[in-house]
Amino acid sequence: MRLRTLLVLLALVPTTAMGTQVAVTADRLLAQSEHLRADVAAGERIGLPLHTLMVEMQAERTTTAARWAGTPVPEDTVLARRAATDAAADAFRRSSDAAGPGTEETDRRLQEIMKGLDDLDALRERADARIGSADSMLVSYGDLIGQMIRYFEDGFSHTDDAGLTQESRVVVTMFSAAEMVALEDAILALAGPSRELTTRRFADFVNAVGAHRHLYDRWIVPFLPAEQSSLFTTISGSDAWQTKTRIENQVLSDHKDSESGVKLPRGITGWAAAHDTWSSRLDALNTERVRALHAHGNARAAELEAQVTRLIGVSGGALLLVVLVVVFTTRSVLRRLRVLHDRTVTVAEETLPGVVARLQQGRPVDEGALPPVRGEQDEVGRVGDAFARVVAVSVDGHRRLAAERQGFGMFAAGIASRTGNLVSRQLALTEELQDTFGGDEELLARLMRSDQLTVGMRRQIENLLILAGGEIPDPHTEPMRVADLLREAAAEVEDFRRIDRQALDEISVEPRVISQISHLLAELLDNATRFSPPRSKVVIRAELVADGLSVEIEDRGPRVTAARYAEMNGRLHSAPPYSVLAENAHRLGLFVVGHLADQLGATVTLRRSVYGGTSAVVILPRELLVPTDHDSGPERVATPATASVAPLTPAGHADAADRQVPALRVADPLPVRQTAVRRIPTRQLPARQEPDHQAPTRDAPDRETPRLPAGGRLALERPEAGAARPALPERVPQTHMAEQLREPRAAEEAVTPDEATPQEVADAWDDYEQGTRTVENELRQDQP
């Protein structure tokens, strides 16, 4: 998983959690607000009519009780009281229908209230007919009024606001206390003119007195707001309320027990007048408390809605801030990581390879190009410092390896220089022997063979010097024609007779690079002759192209796979470490060619030849080429480069003024060396000498020994000391040809059709393929 994705997820998870929490909280607060508004609306539509109905029901109960006890109550008063109750009940029904469904508890309470109201007519009929007892009549009215009080209790009980819950409890308690006072009024009315109560009714009166006093003193007055508490203080301090309290105390203290119940004192006669005074004030206090509860509910609902708005605003701002911080942090971290990545890639792909290349080349390294250790404290900085330390360790390791490589190169170059001096002395000694014993043809052939092997030894020592980082000294001071350059390169190869040279354009090469180019071509020619059938030709072809001079060496060796060509071309284009050189010590030619091509700015490419063998294409840049000056230098015989030229007699061994020496018959002319040899400084090989005589490199046992034509002999005499070296002999037409070739050509016999059967032809072809495979296997065993 990408780091960007991880950072986004790291920011997204808490942001989503925070957003979810905000949404849940806002939904809860909105639901609470909606419930409050629904309760307030229901209280305003149902609560106030229900409170009015409850007050009217309490008054009707008192009137019914007084009439039941025998107190003279006018019929119009009873009907008016019942009409007021019915009007309040109708108003309550209409409000209930308009309010719609509420909670399960409130709906159940409404159904019970509606059922009680439906049974109210039957209760009145039983009271008018005095069916049952007065106690049952009071209980029926009390149950209906109790359902109304419980409706108020259930109306605000489900709210989650503690303040509203406490206020709703105070309102319900005020209704309960008012019911206790109303019940006292009904019980005293039930006493009638006789002022007698049953023991049960008296106990109810006592309980009502104690209950409403306790409720007002403990649960109502302490929780009333200041304004309403002041109003209740005014009510409780009024004469009517004091009369009520005095009568209650007289009933509790001055009552007398009788056989039928309890006889109340005469002072209760002032109860009705006092009740009419304070009851209206108490009902007004209760109504105001209900309205205040509704107003507080609306305010609380509005506050919840405002809280939701603030929550959404603040949370939205916080979420936006979190998103901005996350985006900024993520972009900052990713930017630093991207900078670290780019710097790391630059160091890994450009700086470090360049530093390693400079170290391998023995050049100094700019320490400022390496990433520094900044000592940063954050995580990304510590990663960068760790990478910088890794690079420093790697550079130090490569520096030590480069120092060891340079030291070993100097050591190898020193050995190569000393060995080169010995080889130069060996070549000088060989030339002296050729000059001294040139009269012995067999010895001369063997000396030429020794000279060729010594030349090959010198080339191998030059290979060691090149791979050690040295340079081949070049004694040439004049440009060399391409045809002569190809001839010199071929002379370095042991099997030079198989090389066919083709210089298609007349151009010369700068003198400072003649030895390097000759060595490069000699290595490629040596590989071509080694890895191709012994009797096949190796063609070297030079011609001008758009990019410079193209030299193509083509053999007819075994097939090579594309992967093998890629591996060999890789050797040509990269400088291997000594470990790779040690593993391929028997095939260093391509490494040497690659080094020389790099020094010359040339390109070398190996590819498959059209004949199935290998074709090596060398492109020399135009900067190394100069036009050929035909007027300068020794006079040459104008012959095609591909023609066979008569070999030269070793200089100083024949007197051209006295006699003409026939040429030895060899397959190809070779340049000869100068007799003068310079001493070479330490760590440098002896410079290649200008050609001075021709030396064939291999004395094949099956090749015919050169012989003189009739009337002539080969004189190989050492010139006198201080005498000038004689001029080279000129070519005499047909003197190099065998006697059989001079005779007229015999007529060729007519070719008769082959009468071999297809089976015989197939067998012969199998024999040919088997022989070819045997030769290729032998070549692979000899292949470096």
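No value in this document is a laboratory result; all are computed from the given coordinates. All of these numbers come straight from a predicted model, not from anything done at the bench. Here Cβ is always computed from backbone atoms with ideal geometry, including for glycine, and neighbour counts include all displayed protein chains.
Overview of results
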| quantity | calculated |
| --- | --- |
| Check: region 480-632 dipole with +1 on Lys, Arg Cβ and -1 on Asp, Glu Cβ, in debye | 780 |
| Likely footprinting exposure, W278, W219, fewest C-beta neighbours within 10 Å first | W219, W278 |
| Per-residue Cβ neighbour rank within 10 angstrom, fewest leading, S332, S536 | S332, S536 |
| Sorted peptide list for 352-363, 63-74, criterion being average Cβ within 10 angstrom, highest first | 63-74, 352-363 |
| Order by protection proxy (mean Cβ within 10 Å, highest first), peptides 290-296, 500-506, 541-547, 484-490 | 484-490, 290-296, 500-506, 541-547 |
| Cα Rg over Rh - region 228-313, Kirkwood | 1.35 |
| Within straight-line cross-link reach of K263, lysines at Cα separation under 29 Å, skipping those fewer than 8 residues along the same chain | K244 |
| P(r) of region 480-632 over all Cα-Cα pairs, binned every 10 Å from zero, in whole percent | 11, 42, 36, 10, 1, 0 |
| Estimated inter-spin distance, T103 and V345, nm [label 7 Å along Cα→Cβ] | 6.6 |
| Estimated D of region 210-266 in µm² per second, where Rh is the Kirkwood radius over Cα pairs and Stokes-Einstein applies at 37 °C, 0.692 mPa s | 248 |
| Rg over Rh [alpha-carbon atoms, Kirkwood Rh] for region 23-123 | 1.17 |
| Length released on extending from V327 to R608, taking residue separation times 0.36 nm less the Cα-Cα span | 95.3 nm |
| Residues L620, L7, L467, sorted so that the one with the fewest Cβ neighbours within 10 Å comes first | L7, L467, L620 |
| Rg ratio (alpha-carbon, reference 2.2 N^0.38 Å) - region 304-388 | 1.93 |
| Burial ranking of peptide ranges 129-136, 163-170, 33-40, 177-184 (average Cβ count within 10 Å, highest at the top) | 177-184, 33-40, 163-170, 129-136 |
| Kirkwood hydrodynamic radius (C-alpha pairs) into Stokes-Einstein, region 117-222, 37 °C and 0.692 mPa s, D in µm²/s | 212 |
| Coarse-grained scattering of region 436-543 at q = 0.19, 0.23 Å⁻¹, given as base-10 log I(q)/I(0) from a Debye sum over alpha-carbon atoms | -1.07, -1.26 |
| Theoretical gain in end-to-end length, D396 to A284 [0.36 nm per residue, Cα-Cα removed] | 30.3 nm |
| Gain upon complete extension [A80, L320; 0.36 nm per residue less C-alpha separation] | 79.6 nm |
| Using a Förster distance of 56 Å, the FRET efficiency for R4-R363 (Cβ separation, nearest 0.05) | 0.85 |
| Calculated FRET efficiency for the pair R559/D378, C-beta based, R₀ 56 Å, to 0.05 | 0.40 |
| Ratio Rg/Rh [Cα only; Rh per Kirkwood] for region 3-317 | 1.13 |
| Computed over region 3-317: relative contact order in percent, which uses C-alpha pairs under 8 Å that are six or more apart | 27 |
| Using θ = phi - 60° and Karplus 6.51 cos²θ - 1.76 cosθ + 1.60, couplings along region 226-243 (whole Hz; Gly, Pro as x) | 4, 5, 6, 5, 5, 5, 5, 4, 5, 5, 5, x, 6, 5, 5, 5, 5, 4 |
| Computed label-point distance, nm, for sites N298 and A226 using a 7 Å Cα→Cβ extension | 2.4 |
